Amino acid sequence: MGKHMRNVFEKFGTFIIGIVDWFYFPFLHFIPREVFRYGVTGGVNTLLDLTLYFVFYQFLLKGQIVELGFVAISGHIAAFLIVFPVTFTTGFFLAKYVTFTASELKGRIQLFRYLLTVGGSIVLNYVFLKFFVEYCGLYAPLSKLLTTLLVIIYSYVAQRYFTFCTGRKQLVEQRAS
C-alpha cells in the first residue's frame, strides 16, 4: 500500500478513535481502552455483518439453495460467503487503525495473520451455523447471532495475541504496569 493511502487510513483511524474514546469515560475504571475500542469497532463490524447477512439471506437469496451448476450451497452458507469479503475488509482496517494501533508488525504480516485468524473464524462460523441450523433446527439469522457471539471470543484472543501482537518486550511491559 502506498504511503498516501496509509496516511489516509491513519487519519481516518484517528478520527474514529476520537469518536470511540469520547464514549470511553464512563467505562474508564472497568474496561481497558483497547478492549473498549475492540468492543465498539467489533460491535459495529458485527452489526454490519448481521445486517448484511439478514438482507442477503432474507431478501436476495430468500433462504433458498443456490445452484452453481457444479455445487449447491444452502442459503444460510451462501449469505455468509457473500457478506464475508465486506466484513473481512472493514474488520481488518478497524483492528489495525483503531484497536491495535500499538502493533509494530508490518502491515502485510498483520494482513496475513489476520487472514489466518479469520480462517479460524470461518471454520467456526461454518461449523456453528451447520450445527445450529441443521441439527438444532434454529432460524438461520438467530443461528448467525449465536455463532457470532461464540466467534467474538476466539477473534479477540487471536487478534490480540497473534495478529496484532505488540511484541514480547511490549507485552512484558504491559503486564508489569
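Quick note: the coordinates plus some simple rules give every number you see, no bench work behind them. Everything numeric here is computed off the predicted structure, so don't read it as measured data. All Cβ positions, even for glycine, are placed from backbone atoms using ideal geometry, and neighbour counts span all protein chains on display.
Amide H contacts of Val66: Ile73, Ser74, Gly75, each under 5 Å away and 5 or more positions distant or on a separate chain (H built 1.01 Å from N in the peptide plane; Pro and chain starts excluded). Applying both filters, DSSP loop and at most 13 other Cβ atoms within 10 Å, to the chymotrypsin sites (Phe, Trp or Tyr not before Pro) of segment 76-139 gives Tyr139. For Phe30 and Leu149, a Förster radius of 22 Å and the Cβ-Cβ distance give a FRET efficiency of 0.60, rounded to the nearest 0.05.
The tail of the calculated P(r) for segment 52-177, taken as Cα-Cα distances beyond 17 Å, holds 62 percent of the pairs.
Trypsin sites (Lys or Arg not before Pro) within segment 27-79: which are DSSP loop residues with at most 10 other Cβ atoms inside 10 Å? Intermediate results must be reported in sequence, preceding the final value.
Numbers: sites: Arg33, Arg37, Lys62; in loops: Lys62.
Listed in order of number, the matching sites are Lys62.
Within the chain, helices built from complete DSSP H runs that reach 24 Å or longer along their own axis (Cα positions) and carry a mean Kyte-Doolittle hydropathy of 0.5 or higher are 33-55, 75-94, 107-129, 140-158. Just give me a number: lysine pairs in segment 3-166, eight or more positions apart or cross-chain, with C-alpha atoms less than 20 Å apart. Final tally of qualifying lysine pairs is 9.
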